[in-house]
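Student: Could you have a look at this structure, given as structure tokens, before my questions?
The values are calculated or read from the model by the stated rules, or taken from the named source; none is laboratory data. This structure is a prediction, so every number in the text was calculated from the model and none was measured. Virtual Cβ from ideal backbone geometry, glycine too; neighbours counted across all protein chains shown. With ligands, DNA and RNA removed, areas are computed over all heavy atoms of the protein, side chains included. Shrake-Rupley method; radii C 1.70, N 1.55, O 1.52, S 1.80 Å.
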Amino acid sequence: MVAQDLPTDGPLTIRPLLQQLGNKLLKGKKGSIVAIRPQTGEVICLATNSPEGYNLNLAVATPYAPGSTFKTAQALTLLSEGIITPEMTIPCTNGFTDGNIHVGCHQHASPLNLQRALAISCNTWFLMTFMQMINDTFVYEDKEEAITVWNEYMRSMGLGGSLGTDIPGEKGGLLANKNYLNRRYKDGWDGKTIMWAGMGQGDVTLTPLQLCNLAASIANRGHYYVPHIHQATAEHPLPQRFLTPKKTKVEPSAYAPVVSGMRLAVKNGTCSSINTPAYPICGKTGTVENPGKDHSAFIGFAPMDNPQIAIAVFIEHGGFGADLAAPIASLIIEEYLKGYLSQPSQALAKRIEAKRT
């Protein structure tokens with residue numbers, strides 16, 4: 001059964017089997033699963049759970065720091081602006097340190113190019129390159145122009161504001177712009193002040209629906225359709241806003257290295273546990289810092305070429321992105337692409353269903 005909180009005025013795009021699986025996987029947890037058909041913008045899964053039961057707001061109206069899932073959007077922006085190249089390498093030894101500031105990172109080889117930085121989710125790589133963009137007075141007149149350009153890229157990917165979906169109660173999030181930063185940092189700001197946004201923390205919050213839409217725009221290599229849950233009928237055709245693709249500002253050439261990095265993340269990076277020979281999954285984990293245990297996040301799509309499904313999973317206090325969000329996403333992807341779960345996947349689903357956060 002589709003959750004009663006969803007609209008009932010007309011047929012929905014939600015796939016009942018995906019919704020049922022999503023509801024099972026979210027038992028004992030607080031979070032959401034959003035899945036979209038990239039070619040159409042149809043929302044095929046919109047599962048949520050909270051201590052009070054189904055809560056649609058968790059998916060479409062609750063802004064969270066996106067954590068490292070946001071590094072995909074960062075990479076697309078930095079590539080498009082020529083701040084970085086796919087071949088550029090940056091050293092990282094035990095994280096980023098600047099004065100009394102230290103941001104930890106995984107143990108990994110150094111230096112890294114972009115694809116490997118995405119695959120192992122190097123914080124240093126994205127902190128340094130984001131600061132480089134904001135502080136670049138050769139490319140930009142000043143930091144305000146730099147943050148304005150950055151903001152325009154992000155909004156073109158459907159981030160920060162309402163997408164205009166037909167899902168009731170949708171809200172936007174936070175995406176830093178010059179006016180916001182001048183109000184917040186009255187003593188002044190620069191790239192170092194706001195560097196946390198480079199790794200999806202600080203002055204940026206997004207909803208799981210926006211994260212899924214980001215994955216869909218990457219799957220499509222540069223455009224998305226406004227997500228919607230109502231099917232078109234003869235009596236009620238879809239409004240034109242759901243039928244017209246929205247192009248991102250990202251340079252088309254930027255997508256190949258980012259998709260490659262997301263594929264490497266699944267092959268031998270932070271989410272290698274979900275790799276399967278059946279179809280190539282591209283993904284990006286996120287471990288979102290907050291008071292208490294970290295949130296577990298994942299965005300991705302499959303197959304790598306001609307993607308049929310884009311997905312975002314966000315589990316409050318679920319730990320590392322690879323702990324819960326990525327395995328949950330892999331099961332939803334398998335159910336959709338194959339029509340059933342293999343025996344090992346059924347066993348994994350039972351373990352996840354029994355887990356409490």
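Student: Is the shape of region 63-124 best called rounded, prolate or oblate, per the rule: a/c under 1.5 gives rounded, else a/b larger than b/c gives prolate, else oblate, with a ≥ b ≥ c the square roots of the Cα gyration tensor eigenvalues? Present the calculation step by step, with values, prior to reporting the outcome.
Tutor: On the way: a/c = 1.62, a/b = 1.15, b/c = 1.40.
Note, shape of region 63-124 comes out oblate.
Student: Turning to a different aspect of this structure: Counting only DSSP beta bridges with both residues in the chain, tell me the antiparallel percent, nearest 5. It would help to have the intermediate numbers written out before the result.
Tutor: Numbers: 38 of 39 bridges.
Once the DSSP bridges in the chain are tallied, antiparallel ones form about 95 percent.
Student: With r defined as the distance between the Cβ atoms of residue 187 and residue 107 and R0 fixed at 41 Å, what FRET efficiency is calculated, to the nearest 0.05? All intermediate terms of the calculation are to be shown ahead of the outcome.
Tutor: On the way: r = 36 Å, r/R0 = 0.89.
The computed FRET efficiency comes out at 0.65.
Student: Cα axis of helix 325-338 to longest principal axis of the chain: angle in degrees, 0 to 90, nearest 10?
Tutor: In the chain, helix 325-338 runs at an angle near 50 degrees to the longest axis.
Student: Next up: Which whole-Hz couplings ³J(HN,Hα) result when phi for each residue of region 41-54 is put into the Karplus expression 6.51 cos²θ - 1.76 cosθ + 1.60, θ = phi - 60°, listed in order with x for Gly and Pro?
Tutor: Karplus values, whole Hz, x for Gly and Pro: x, 5, 7, 9, 8, 9, 9, 9, 7, 8, x, 8, x, 4.
Student: Quick check: net charge around residue 116, other residues with Cβ under 14 Å of its Cβ, Lys/Arg +1 and Asp/Glu -1? The partial results should precede the final answer.
Tutor: Values: positive: 71, 263, 267, 284; negative: 87.
Net of charged neighbours comes to +3.
Student: Next question. If one computes the Cα centroid of region 21-55 and of region 151-226, what distance in Å separates the two points?
Tutor: 21 Å
Student: Hey, another quick one. Can you give the net charge of the other residues whose Cβ lies under 13 Å from the Cβ of residue 189, counting K and R as +1 and D and E as -1?
Tutor: Details: positive: 143, 178, 183, 184, 186, 192; negative: 142, 144, 187, 190, 203.
Cβ neighbours under 13 Å give a net charge of +1.
Student: Please list, ordered by chain and number, the residues whose modelled amide H lies under 5 Å from the amide H of residue 298; skip anything fewer than 5 residues away on the same chain.
Tutor: Residues meeting the criterion, in which the H sits 1.01 Å from N, are 286, 313.
Student: With a cap of 15 neighbouring Cβ atoms within 10 Å, and only residues DSSP puts in a loop, list the chymotrypsin sites (Phe, Trp or Tyr not before Pro) found in region 153-201.
Tutor: On the way: sites: 153, 180, 185, 189, 196; in loops: 185, 189.
Those that pass, being in a loop and sparsely packed, are 185.
Student: At 1.4 Å probe radius, can you tell me the per residue accessible area of region 111-235 in Å²? Please list the in-between numbers first.
Tutor: Numbers: 4450 Å² over 125 residues.
Normalised by residue count, the accessible surface of region 111-235 is 36 Å².
Student: Compute the long axis of helix 123-134 from its Cα atoms, compare it with the longest principal axis of the Cα atoms of the chain, and write down the angle in degrees, 0 to 90, nearest 10.
Tutor: For helix 123-134, the angle is close to 60 degrees.
Student: Using only Cα atoms, find the angle between the long axis of helix 143-156 and the longest principal axis of the chain, and express it within 0 to 90 degrees, rounded to the nearest 10.
Tutor: For 143-156 against the chain, the angle is about 20 degrees.
Student: Related question: Ignoring any ligand, DNA or RNA, what whole percent of the accessible area of the chain comes from carbon and sulfur when the probe is 1.4 angstrom?
Tutor: Carbon and sulfur together cover 51 percent of it.
Student: Run through region 159-192 and list the trypsin sites (Lys or Arg not before Pro) located in a DSSP loop whose Cβ has at most 11 other Cβ atoms within 10 Å.
Tutor: Numbers: sites: 171, 178, 183, 184, 186, 192; in loops: 171, 186, 192.
Loop-located and lightly packed - 186.
Student: How big is the Kirkwood radius of region 1-87, worked out from every pair of different alpha carbons and given in Å to one decimal? Walk me through the numbers on the way to the answer.
Tutor: Values: mean 1/r = 0.0663 Å⁻¹.
That comes to 15.1 Å for region 1-87.
Student: I've got another one for you. Two decimals is fine: what's Rg over Rh for region 146-293, C-alpha atoms, Kirkwood radius as Rh?
Tutor: Details: Rg = 17.7 Å, Rh = 17.6 Å.
Rounded to two decimals, Rg over Rh is 1.01.
Student: Largest first, please: the extent of the C-alpha atoms of the chain along each principal axis, to the nearest Å.
Tutor: Result, largest extent first: 55, 43, 38 Å.
Student: A follow-up question, please. In the structure displayed, which of 171/249; 192/293; 29/192; 143/246; 24/267; 249/350 lie more than 31 Å apart, Cα to Cα? Show your work: numbers first, answer last.
Tutor: Working: 171/249 22 Å; 192/293 26 Å; 29/192 36 Å; 143/246 28 Å; 24/267 27 Å; 249/350 42 Å.
Checking Cα-Cα distances, 29/192; 249/350 exceed 31 Å.
Student: Give me D for region 206-247 in µm² s⁻¹, whole number, from Stokes-Einstein with Rh from the Kirkwood sum over alpha-carbon pairs, 10 °C and 1.306 mPa s. Don't jump to the answer; show the numbers that get you there.
Tutor: Details: Rh = 11.3 Å.
Here the translational diffusion coefficient equals 141 µm²/s.
Student: So which GluC sites (Glu not before Pro) in region 135-224 are both in a DSSP loop and have at most 13 other Cβ atoms within 10 Å of their Cβ? All intermediate terms of the calculation are to be shown ahead of the outcome.
Tutor: Details: sites: 141, 144, 145, 152, 170; in loops: 141, 170.
Those satisfying the criteria are 141.
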